[in-house]
Amino acid sequence: MSYDYWQVEIRRLIAMLVLSLIIAYATGYWLLSFLVVSLGYIAWMLFKLRQLQTWLATGQPPEAMPDSDGAWEQITYLIHRSKQKSKSRKKKQRETLDRLNNVMAALPDATVLINQDFIIQWSNPAAARLLGIQIELDWGNRLDNLIRSPELHALLAAGETDKKIRLLSPLDEQIILQAHLVAVQKNLFLFNVRDISQGVHLQQTRKAFFANASHELRTPLTVLAGYLELFEDETALPEHLLPAVQQARAQAERMQRIISDMLSLSKLENDEQRRMIETEINVPELLHEIALSLGDTLAADSHTLSLNFDPNLYLLGHEPDLLSVLTNLTDNAIRHTPPGTHIQLDWQQRANGQVCLSVEDNGPGIPAQHISHLTERFYRVDKGRARDKGGTGLGLAIVKHVMLNHGGNLDITSKAGCTRFTACFPSTRALRK
């Protein structure tokens, strides 16, 4: 098609050249003839160019499209087709934008689009309901000027997209919000906010129930265990009733251990516990004492234990909590591995400065599907065997919360012949002697 259009232009030039020759031959003015014909051709081209410019300036209405042929016809057609495609693209973009706005408006989460200077570019209706940010009215203002919160200011200043914060709604302090940043593109972020009030209140109710129930059960259970102990020691007790009394006493003791662990967990989850009294802890000495104690009780004649620790490495922390970590991890390794298992306790400082307690055994291992659930309350890999061993199902949950309160983390890896629980504390808690 492009070739045909230019064929018209070529024929037009040939016709002009022939006309120039005819006029020149008839008049004898060769140069003047060529000049006059050329000026006529140029004038015609300028006329067509003016038509095109006028058409473009008036918005390219189809009815006013310049009537021409050759390359001018193709140019006009291509411009008109480009405009039609542009209109079609804009229509699709508007439809997509409308759908996106409708979707964002239907979301229960507040969403605010901000730039690198925290200037609000856009927000959805939920942002007005949860944060008080009015659509269009507050656009162009700084987010941290509208929401006064130290946590929000720190989040925006750091620009961290993998961190979540909690803050109170500026409209209602009873509404608890969880917020985080989502990077959209360079210098553009989504500030996403979710109402978690119901979940937080439910969690607080659950914690209060566990704490209150544990306190209320402790005294009557202690009394019951005491009477069972008296019955067990009573010489007049019929022999056929002795196994039942012994079993009842064992279950009462197990309930006492569960209640004790529930109370410990409630204290760890309490915010007051985070303002604990921290001291210098001689971890090597604690490890040595625990190894001796376990070797004389649970691990006697069934497991072997070995220690590998840095004798000069101490820890800054809450000693009762650290002792709980040590005893729960070692007790867990002994209870849930068969006789003949070797258990290795390590206490070392890593190259990154973290100080880590590692409890490793060469038992059969833990199936991969259970690893992520081990720190949940009352979660058991083998429910029947765990109860027979006397476990409460709360030990690893306690370890997890102790590590959180100390700014550390618990890592669990397992395969056949090697299960390792590693509790790592931040380098700021490491002390050298």
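The values are calculated or read from the model by the stated rules, or taken from the named source; none is laboratory data. Computed from a prediction, not measured in an experiment: that's the story for all the values here. Cβ: placed from backbone, ideal geometry, glycine included. Neighbour counts: every protein chain shown. When the accessible area is computed, the model is the full protein with side chains, heavy atoms only, and any ligands, DNA or RNA have been set aside. Shrake-Rupley method; radii C 1.70, N 1.55, O 1.52, S 1.80 Å.
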Accessible-area order (highest first, 1.4 angstrom probe) of the listed residues K400, K48, K186: K186, K400, K48
Cβ charges +1 (Lys, Arg) and -1 (Asp, Glu), total dipole of the chain, debye: 2480 debye
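Considering only protein heavy atoms, what per residue accessible area in square angstrom results for the stretch 3-55 with a 1.4 angstrom probe?
Working: 4010 Å² over 53 residues.
Spelled out: the 1.4 Å probe surface of the stretch 3-55, per residue, equals 76 Å².
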Using a 1.4 angstrom probe with every protein chain in place, what is the largest-first accessible-area order of W30, W347? W30, W347
Positive-end residue of Y227, I23, L52, charge dipole of the chain with Cβ unit charges: I23
For W122, the residues 5 or more places away or on another chain with a placed amide H closer than 5 Å to its own amide H are L113
If you average the C-alpha positions of the stretch 27-63 and of the stretch 220-249 separately, how far apart do those two centres end up, in angstrom? 118 Å
Restricting to DSSP loop positions (anything but H, G, I, E, B) with no more than 10 other Cβ atoms inside 10 Å of their own Cβ, which GluC sites (Glu not before Pro) remain in the stretch 50-147? E136
At a 1.4 Å probe radius, carbon and sulfur cover how many percent of the accessible area of the chain? 57 percent
Where the centre of each part is set by its Cα atoms, how far does the stretch 152-190 sit from the stretch 84-149, in angstrom? 15 Å
Roughly how many debye, to the nearest 20, is the charge dipole of the stretch 9-70 about its Cα centre, given +1 on each Lys and Arg Cβ, -1 on each Asp and Glu Cβ, and no other charges? 180 debye
In square angstrom, rounded to the nearest 10, how much accessible surface does R257 have for a 1.4 Å probe? 100 Å²
Could you compute how much accessible surface K164 exposes when probed at 1.4 Å, giving the result in Å² to the nearest 10? 130 Å²
Work from the charge dipole of the stretch 58-160 (Cβ charges, +1 for Lys and Arg, -1 for Asp and Glu, about the Cα centre) and give the residue of Q74, N145, N102 farthest towards its positive end. Q74
So how tilted is helix 395-405 from the main axis of the chain? Cα-based, degrees 0 to 90, rounded to 10. 60 degrees
When the dipole is taken about the Cα centre of the stretch 1-114, and only Lys, Arg (+1) and Asp, Glu (-1) are charged at their Cβ, what size is it in debye, to the nearest 20? 340 debye
With every protein chain kept in the model, how would you rank I277, I290, I22 by accessible area, 1.4 Å probe, largest at the top? I277, I22, I290
Just to confirm, what accessible area per residue do you get for the stretch 165-247 at 1.4 Å probe, in whole Å²? 69 Å²
